[in-house]
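Student: Submitted below is the structure of interest, expressed as structure tokens.
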Amino acid sequence: MIFVTVGTHEQPFDRLIKHMDELRDNGVITEEVIMQIGSSTYRPEHCTWYEFLPYGGVIENMRCARIIVTHGGPSTFIMPLQMGKIPIVVPRQKKFNEHINDHQLDFSRTVSERQGGIIVVEDIDDLEGTIADYDKLCVGSPSISLGNNKKFNIEFEKMIDDMFSC
């Protein structure tokens, strides 16, 4: 199963939701896809979807998912990392009116470059290949396990401090 979550931000993320629905419709993705679509206005026709899920529902879907596709919100993509899973992160982008600026794009790039453990997809057209090659992309990629949380949190805090220092 593939679980897609776009968080709770008030701007729609139709670009991701529609693309995943099309991949499922075209048979590119044959496994079940469950989506938490948030404020998106596009309504999937080929995937199971919910506007919002309670926290426990998000966690349960992440635990059961083979692949997790998420927006670039740090609190969302850290959850799969804590489960030892490598998420595909599709950052919201200002040019598509998905957020007020490109902080998700900048932050996702920074985490990927400094820490690894996430797969960042900036161009939605690359998502199909990323899903198809997911298992290969994960081989050798550092993952953050529960035993490594302390180290990750220290490095994560440093990255945030660096980004917001004057």
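Student: What are the residues in the stretch 81-104 that are outside any loop (DSSP other than H, G, I, E, B) and within 21 Å of Tyr42 (Cβ to Cβ), if any?
Tutor: Filtering the stretch 81-104 for residues outside any loop (DSSP other than H, G, I, E, B) gives 81-82, 88-89, 94-96, 103-104.
Those that are outside any loop (DSSP other than H, G, I, E, B) and within 21 Å of Tyr42 (Cβ to Cβ): Ile88, Val89, Lys94, Lys95, Phe96, Gln104.
Student: Out of curiosity, is Met163 modelled with pLDDT of 85 or more and not in a loop (DSSP other than H, G, I, E, B)? Working first, answer last.
Tutor: On the way: modelled with pLDDT of 85 or more: no; not in a loop (DSSP other than H, G, I, E, B): yes.
Taking the combined requirement at face value, the residue does not satisfy it.
Student: Is it true that Lys94 is of a type in the set (D, E, K, R), open to solvent by 10 Å² or more (accessible area, probe 1.4 Å) and at pLDDT below 95?
Tutor: yes
Student: Taking only pairs six or more apart or across chains, which ones have beta-carbon atoms under 6 Å, a first residue in the stretch 61-90 that is touching a residue at least 12 places away in the same chain (Cβ under 8 Å), and a second residue that is among the aromatic types (Phe, Trp, Tyr) and part of a helix (DSSP H, G or I)?
Tutor: Matching pairs, first to second residue: Ile67/Tyr134; Thr70/Phe77; Pro87/Phe77; Val89/Phe77.
Rundown of residues vs (1) open to solvent by less than 40 Å² (accessible area, probe 1.4 Å); (2) at pLDDT below 95; (3) in contact with an Asp or Glu (Cβ under 9 Å, 6 or more places away or on another chain); (4) more than 21 Å from Ser141 (Cα to Cα), yes/no style:
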{"site": "Leu23", "(1), (2), (3), (4)": "yes, no, yes, yes"}
{"site": "Val33", "(1), (2), (3), (4)": "yes, no, yes, yes"}
{"site": "Glu51", "(1), (2), (3), (4)": "no, no, no, yes"}
{"site": "Arg63", "(1), (2), (3), (4)": "no, no, no, no"}
{"site": "Ser75", "(1), (2), (3), (4)": "no, yes, no, no"}
{"site": "Asp102", "(1), (2), (3), (4)": "no, yes, no, yes"}
{"site": "Glu113", "(1), (2), (3), (4)": "no, yes, no, no"}
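Student: Suppose we filter the stretch 110-136 for residues that are in a helix (DSSP H, G or I), of a type in the set (Asp, Glu) and farther than 21 Å from Ile160 by Cα; how many remain? Spell out how you get there, then give the answer.
Tutor: Step one: list which residues in the stretch 110-136 are in a helix (DSSP H, G or I), which gives 110-114, 124-132, 134-136.
Now narrow it down to the ones that are of a type in the set (Asp, Glu): 113, 125-126, 128, 135.
Checking which are farther than 21 Å from Ile160 by Cα leaves us with 125-126, 128, 135.
The qualifying residues number 4.
Student: Right, something else. Looking at Phe107, is it assigned to a helix (DSSP H, G or I) and of a type in the set (Phe, Trp, Tyr)? Steps first, answer last, please.
Tutor: On the way: assigned to a helix (DSSP H, G or I): yes; of a type in the set (Phe, Trp, Tyr): yes.
Answer is yes for this residue.
Student: Additional query: Would you please list the contacts, defined by Cβ atoms under 6 Å and residues six or more apart or on different chains, that run from a residue in the stretch 37-51 that is within 13 Å of Asp21 (Cβ to Cβ) to a residue that is at pLDDT 95 or above and among the basic types (Lys, Arg)?
Tutor: What qualifies is Tyr42/Lys18; His46/Arg24; Cys47/Arg24.
The values are calculated or read from the model by the stated rules, or taken from the named source; none is laboratory data. All values reported here derive from a predicted model rather than from experimental measurement. Cβ coordinates were reconstructed from backbone atoms using ideal geometry, including for glycine residues, and neighbour counts include every protein chain displayed. Accessible surface is based on the protein model in full, side chains and every heavy atom, while ligands, DNA and RNA are left aside. Shrake-Rupley method; radii C 1.70, N 1.55, O 1.52, S 1.80 Å.
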